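The values are calculated or read from the model by the stated rules, or taken from the named source; none is laboratory data. The model shown is predicted, which means the values in this text are computed figures rather than measured ones. For neighbour counting, all protein chains shown are included, and Cβ atoms are generated from backbone atoms with ideal geometry for every residue, glycine included. The accessibility values were calculated without ligands, DNA or RNA, using every heavy atom of the protein model including side chains. Shrake-Rupley method; radii C 1.70, N 1.55, O 1.52, S 1.80 Å.
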Amino acid sequence: MAIRRAEGLLGSGDLAEGFGYVLKRRLLGRPLVNEQLGEQRLSKRLALGVLSPDGISSSAYGTEEILIELLKGGLAATAFTLILPITGVVLFVMVLVVLSYREVVTVYTRAGGSYVVARDNFGPRIAQVAAVALMVDYVVTVAVQVAAGTAAVASALPASVSQHISPGDLTVVSIAVIVLMCFGNLRGIREAGRSFAVPTYLFSAVTIIMIITGLAREVFGTLPTYHPHGVIVTGTPKDSTLIAFGMVFVLLKAFANGGSSLTGIEAVSNAVSAFKPPEGINARRVLVIEGLILGTLVAGISWLAHATHARPYEFGVPTVLSQEAGLVFGLHTIWGHALYYLVQAATALILYTGGNTSFNGFPFLANFVAEDAFLPRWLTKRGHRLVFSNGIVVLAVLSIALLAAVGSNVNKLVPFYAIGVFTAFTLAGFGMAKYHYTHKEPRWRRKLVINFSAGVTSLIVVLIFAVVKFTSGAWLVVLLFIVGVPALIRLNREYRMETAVLERISTREKPPDPPTYARRTVYVFVDDLDLATLAGLRYARSLRPTTLRAVHFVIDSVQADTLRQDWVRARTGIALDLVDCPDRRLARATAEMVSAEAVLPGVGVTAILPRRVYTPLLGRLLHDRTADKMAAVVSQIPYAVATIVPFDVRRRLAVLHARDGGAASQPGRGDAAAAPAPAAVSPEPGAVSPEPGAVSPEPTAVAPQTAATAPAPIAAAAPMPATAAAEGDCDDYNKPVPSAGVSPIGTLVKPGRAVVEGRVHAVEIRPVQENTVLACEIADSTGRLTALFYGRSHIPGLDPGARVRFRGPVGIREGHAIMINPAYDLLAPGSGGLPRT
């Protein structure tokens, strides 16, 4: 019955999907269910292809980055000789890092890599250094790999075309590629697919073939040297007096650039749990094979650069690797052209694939950190296609912003790169060293030496990079560490405080008794009398309150008068209070009214705030979220709660039009929004009706009595709800000092006759059977008094903010002075509300 009734009330339009969801489904496909979240285990062969693109692809630009610094440093005469020993040092560091990570994947067979190592051995706070390092690494990896891939594509174009390509063109293409990657990953592209392994094996194979062919041609003396055309990287030769310091600095910068060849080695450690059992052993073997392939490619490409004198260009096109491929295979034969383009295609594929691996690693890392409460929890949510959509979008936005700011140039991006990578290497090395020292497993001393050496070496690289690349962009990465790590720790502190407050009570303890209130007061804060207000009033009645009032803060006298007229005409059966708000601080006025009622013993207060809901963008443009601000302050008041009643304007009107067939245009129906019928306030058929006494005064309370004989014993003569609105910056305005010859309101403690003056703070229209009572509360500097005018719904001039004088009998009820049908004089018109112009 309940389901059938709900179907009848909702209608088909209420459950229609929003435009955003429809667009998401069109772009991303049908949503996946949780049962489809399967885990595909990787064999060693497949894992090598899937997890290695990031590391192996870095060989495509590592040699070029070394040459750039050597040539810019004025060492053109010896650059092609120095590249070999620098490459040797880079390979030595690579060996240490691979050996260190062999221990990582053996011990930590769950995903996480250096973040988990640092967290388990140094604690969660130190682990945030690794978190920031890895997140920076992932962001820069996308930018660098895509920029290098775009350069490889541009290098394959004819020279007549590539020479006219501007840096801006490369940047636009790279950004477009990142957008496509983001879109593909949001649709649920899985890393564990055989198609992702193809670029790794293809690039490795064709590059090794190129290296072997080049070495053979060099042996036979047929390998040509490169003759540059266009703008190449050059530098000014160093003066002999500066040769010592200058060469050392240039060599350090070249070594730092060469360190970019080692990026991506940690990818295997971030996905150990994806291997087939035994996970640790298989991950170790894949890591060693990846290191061997990477070392071979870096060494071979550097040797060919030494032999051919291939030079880097200012804008990165053509690349050193493309120059070597053209020289080795020769571009004067069909086979030479075919192999050259195959190298370029394989290079672009593996670079783009390497960039795409970050779209898998970054969201998972963000998920780990967010689960530890150091990042926002929305990064743990899986999206439409069971991927961490928020993490994917964040990565795409950050990498696009980096490319837009720096440009699609690998050399300009490298300064942002290696600090994050080698910081992660450092923490992994030191973390594993501490692990071996703590657990002292078999052969722990040898393992400790390996990991500690890798940590020290990586730390040295970080320091070198931070110094020699500081002005080139490394300062920004250092700043990210200085700001980012404390920010993550601060966020974690907020989450821990929140958890402490919201923590559930232990089952061993007796839960607190639910609050019981002798009286329940409900305020419905209204702006206009429309469908949204009626929905709030209907909900308020369903709560069965002891006292129910609608409250309107007067900041526009014309709007308040219109609301008063509509309210009387609609006969809602609910009292309407028009409260002066001269300083227009609605949130403060709400808090003062609610707190003044909630402080009374045994009283619980509910503030109901109707809110009109539009589409997110339109809603922000049309409204200032006043209901949210008011609810926020009410939620801080003891014994008070705020309830926002949303009303979807667009959808609800569509439903009404569909249900009524255009009711607004039918004769006799009128505009439902502009002139709501009285029945609209009543509960829906079948809903529980509130008790009559909960909404309006008892019928016996209609006849007024004099204050002298009976001091306001009736419900209709009850004082208006106390407020503290007169406090604050408007005391002189709200609480005028009584004039000579009138009685201060605060001195009226006994029944009798009096003349009082004050400013109208609030006007309330109380429904009584078929009539109304106008209640007017005035205040002076000594107290408040309520005047009741039976049979009236409005008195011209008696508006919030007006200054008036009352004469007549005074009664006392619950310590509050009341006058019934007094004579009145208007001393000054209301100025609290600003009339419309």
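Give the distance, in whole Å, between the Cα centre of the range 430-466 and the Cα centre of the range 750-811.
One Cα centre to the other: 82 Å.
For PHE470 paired with ASP120, estimate the spin-label separation in nm (one decimal), with each label point 7 Å from Cα along the Cα-to-Cβ line.
Output for this residue pair reads 3.7 nm.
Please give the length that would be gained between PHE220 and VAL456 if that part of the chain were fully extended, namely 0.36 nm times their separation in residues minus their C-alpha to C-alpha distance (nm, one decimal). Write down the numbers at each step before the final one.
Numbers: separation 236, 0.36 × 236 = 84.96 nm, distance 4.33 nm.
Taking 0.36 nm per residue and subtracting the Cα distance, the gain is 80.6 nm.
Evaluate the distance, in nm, between pseudo-label points positioned 7 Å from the Cα of ALA740 and of LEU157 along their respective Cα→Cβ axes.
If labels sit at ALA740 and LEU157, their model points lie 9.4 nm apart.
How large is Rg/Rh for the range 393-443, to two decimals, with Cα atoms and a Kirkwood Rh?
Numbers: Rg = 17.6 Å, Rh = 13.7 Å.
Checking Rg against Rh, the ratio lands at 1.29.
Which Cα, out of SER793, MET819, GLY752, lies furthest along the positive dipole direction of the range 725-829 (beta carbon charges, K/R +1, D/E -1)?
Sorting the options by dipole projection puts first GLY752.
Suppose every Lys and Arg Cβ carries +1 and every Asp and Glu Cβ carries -1, with no other charges. What dipole size does the range 304-394 come out with about its Cα centre, to the nearest 20 debye?
The calculation lands at about 340 debye.
How would LEU51, LEU294 line up by accessible area, probe 1.4 Å, largest first?
LEU51, LEU294
Going by average Cβ density within 10 Å per residue, which order do the peptides 583-595, 625-637, 795-807 take, highest to lowest?
583-595, 795-807, 625-637
If you take every residue apart from VAL288 with its C-beta less than 12 Å away from the C-beta of VAL288, what net charge results, scoring Lys and Arg +1 and Asp and Glu -1?
Its environment carries a net charge of +3.
What is the gain in length, in nm to one decimal, between VAL641 and VAL449 on full extension, counting 0.36 nm per residue of separation less the C-alpha to C-alpha distance?
63.0 nm
What are the equivalent ellipsoid semi-axes of the range 74-152, built from the alpha-carbon gyration tensor (square roots of five times its eigenvalues), in whole angstrom, biggest first?
Output for the range 74-152: semi-axes of 32, 19, 12 Å.
Where the only charges are on Cβ atoms (+1 Lys, Arg; -1 Asp, Glu), what is the dipole of the range 236-374 about its Cα centre, to the nearest 20 debye?
Working: 6 positive and 8 negative charges, 63 e Å.
It works out to roughly 300 debye.
Which sequence of GLU65, GLU494 reflects their accessible areas, 1.4 Å probe, from the largest down?
The most accessible residue leads, giving GLU494, GLU65.
Largest first, what is the accessible-area ranking of TRP335, TRP475 with a 1.4 Å probe?
Working: TRP335 200, TRP475 120 Å².
The ranking, largest first, comes out as TRP335, TRP475.
Using a basic spin-label model with each label point 7 Å from the Cα along Cα→Cβ, how many nm lie between LEU826 and LEU479?
Placing both labels 7 Å along Cα→Cβ, they lie 6.2 nm apart.
Quick check for you: which residues of the range 365-391 have the amide N under 11 Å from the point 7 Å beyond the Cα of GLU498 toward its beta carbon?
Correct set: 373-379.
Can you give the accessible area per residue of the range 35-187, in Å², using a 1.4 Å probe?
For the range 35-187, the per-residue accessible area is 34 Å².
Dipole magnitude of the range 424-482 about its Cα centre, charges +1 at Lys/Arg Cβ and -1 at Asp/Glu Cβ only, in debye to the nearest 20?
Using Cβ point charges on Lys, Arg, Asp and Glu, the range 424-482 gives about 320 debye.
Please name whichever of THR150, LEU96, THR109 sits farthest to the positive end of the charge dipole of the range 58-190, dipole taken about the Cα centre and charges placed at Cβ: Lys and Arg +1, Asp and Glu -1.
Ranked along the dipole, the leading option is THR109.
Give the Rg (one decimal place) followed by the Dmax (whole number) of the range 382-482, computed from C-alpha coordinates and expressed in Å.
18.0, 51
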